[in-house]
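Participant: Okay, handing you the structure first.
Bear in mind these aren't lab numbers, they're just calculated from the coordinates by the rules spelled out. All figures in this text were calculated on a predicted structure; none of them were measured in a lab. Every residue, glycine as well, gets a Cβ built from its backbone with ideal geometry; the counts of neighbours run over all protein chains shown.
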């Protein structure tokens with residue numbers, strides 16, 4: 001039996017960052033070089049992002065007030081002990097961005113990520129009409145923080161799942177991790193046909209924002225955002241209703257180049273991202289060969305591509321000779337939410353799943369990219385029952401895939 005995604009739930013923090021305001025704040029930071037100011041403006045303006053969500057409430061509030069840096073010196077380090085773990089102070093009263101330690105940033109992750117995960121998971125469980133007690137396996141995903149007992153353990157406690165649930169965590173895999181998580185869920189369902197697997201991706205990328213003259217850090221600051229997404233996976237046909245996505249096959253590839261062009265490591269003042277300008281070019285050059293096996297013999301109707309950035313989407317589009325509107329859902333999610341690392345591809349699949357024009361048997365090619373460079377792919381087939389119309393309460397404002405203005409709305413974390 002084929003495993004299927006029965007539902008996808010999503011959640012974002014309530015604080016919204018408007019791209020132009022963040023650009024101006026970063027460009028005006030004390031101590032930043034004139035060339036870096038130009039790089040900031042170029043990176044933010046070319047990002048194709050309008051809004052992002054963040055757990056950094058003080059940053060969003062400062063931007064709403066129009067706070068601008070007034071200190072002519074270097075940005076100050078965060079005061080030790082100034083943070084209670086439930087939030088992270090990243091901006092001074094004078095508007096200068098602070099430099100909290102990695103430990104302080106990770107404390108904020110431990111305090112804030114579990115609730116975001118739980119909200120996305122509850123959304124998915126409710127949409128699939130699956131009770132917490134029905135879950136047999138949990139797969140959690142994150143690359144923006146770490147602790148033990150980890151996210152898999154916390155989810156069991158927070159959702160009151162059975163203590164016998166099998167737990168797995170994919171840590172530090174990066175933006176592509178949702179696809180191998182779904183692959184693991186499908187393998188679990190193949191081994192245990194009555195399994196019901198809960199996959200949850202939660203990323204707080206903005207915890208690692210910092211001011212730097214390094215072009216990689218500038219690019220990261222222009223792209224990344226916070227969000228969580230969850231999927232309920234099962235091979236039990238009796239659990240399918242309304243709409244679902246069959247997980248038909250998977251593929252993975254490591255590119256010939258790129259080992260040093262996209263990396264994610266632990267630094268002293270946050271996690272360090274290397275994301276060079278070569279990444280889109282490598283993806284564009286190798287994408288056709290990388291996905292050849294998985295789409296061989298398939299007539300792909302819809303593309304769900306992780307928006308590592310506008311240039312990545314452009315290179316995928318040209319490398320696969322796709323029509324200009326083929327990646328409109330990916331571009332809409334990038335525009336409205338930014339790059340939420342592993343959670344992003346599930347936002348895209350949710351938008352497709354709830355789209356007004358989803359048809360039974362529609363073939364969906366899913367692609368995501370991670371450090372290395374690695375490429376992860378999945379081929380999905382949509383199932384739409386006779387009663388498969390989108391419920392009015394499933395999409396808060398009635399927007400579907402045909403809405404070219406906004407991506408699918410999600411529950412906000414409060």
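Participant: Counting only helical runs of four or more DSSP H residues, what would the 222 nm mean residue ellipticity of the chain come to if each run contributes -39,500 (n - 2.57) and the total is spread over all its residues?
Facilitator: Only helices count here, giving -10500 deg cm²/dmol.
Participant: Which of the peptides 326-332, 260-266 is most tightly packed, and how do the rest follow, going by the mean number of other Cβ atoms within 10 Å of each residue?
Facilitator: 326-332, 260-266
Participant: Let me ask something else. Expressed as an acute angle from 0 to 90° and rounded to the nearest 10, what is the orientation of the C-alpha long axis of helix 344-353 relative to the principal long axis of the chain?
Facilitator: So the helix axis and the longest Cα principal axis differ by about 40 degrees.
Participant: Also: Using alpha-carbon positions, what is the distance between the centroids of segment 1-51 and segment 324-357, in Å?
Facilitator: 15
Participant: On full extension of the chain, what length is gained from residue 241 through residue 51, given 0.36 nm per residue of separation minus the C-alpha to C-alpha distance?
Facilitator: Length gained between residue 241 and residue 51: 65.0 nm.
Participant: Give, in nm to one decimal, the length gained when the segment between residue 101 and residue 194 is fully stretched (0.36 nm per residue of separation minus the Cα-Cα distance).
Facilitator: Once the chain is fully extended between residue 101 and residue 194, it gains 29.0 nm.
Participant: Residue 160 to residue 110: FRET efficiency via 1/(1 + (r/R0)^6), r the Cβ-Cβ distance, R0 22 Å, to the nearest 0.05?
Facilitator: Using R0 = 22 Å, I get an efficiency of 0.60.
Participant: Using a simple spin-label model with points 7 Å from Cα along the Cα→Cβ vector, what separation in nm is obtained for residue 266 and residue 129?
Facilitator: The answer from the label model is 4.5 nm.
Participant: Okay, moving on. Sorted from fewest to most neighbouring beta carbons within 10 Å, what does the list 209, 250 look like?
Facilitator: Going from least to most buried by this count: 250, 209.
Participant: How high is the relative contact order of segment 243-412? Use alpha-carbon pairs under 8 Å, at least six apart in sequence, and give a whole percent.
Facilitator: 32
Participant: Give me 137, 53 sorted ascending by neighbouring Cβ count inside 10 Å, so fewest comes first.
Facilitator: Lowest count first: 137, 53.
Participant: Sticking with this structure for a sec: Only Cα pairs under 8 Å and at least 6 apart count here; give the relative contact order of the chain as a rounded whole percent.
Facilitator: 22
Participant: A further question follows. Would you mind ranking 340, 1 by Cβ crowding within 10 Å, fewest neighbours first?
Facilitator: 1, 340
Participant: Let me ask another. Quick check: Cα centre of segment 263-313 to Cα centre of segment 178-198, how many Å?
Facilitator: 24
Participant: Continuing with this model, one more query. Under the definition of Cα pairs under 8 Å and six or more residues apart, what whole-number percent is the relative contact order of segment 184-294?
Facilitator: 27
Participant: Please figure out what share of the DSSP beta bridges in the chain is antiparallel and state it in percent, rounded to the nearest 5.
Facilitator: 75
Participant: Continuing with the same structure: Once fully extended, how much extra length lies between residue 256 and residue 328, figured as 0.36 nm per residue of separation less the alpha-carbon to alpha-carbon distance?
Facilitator: 23.1 nm
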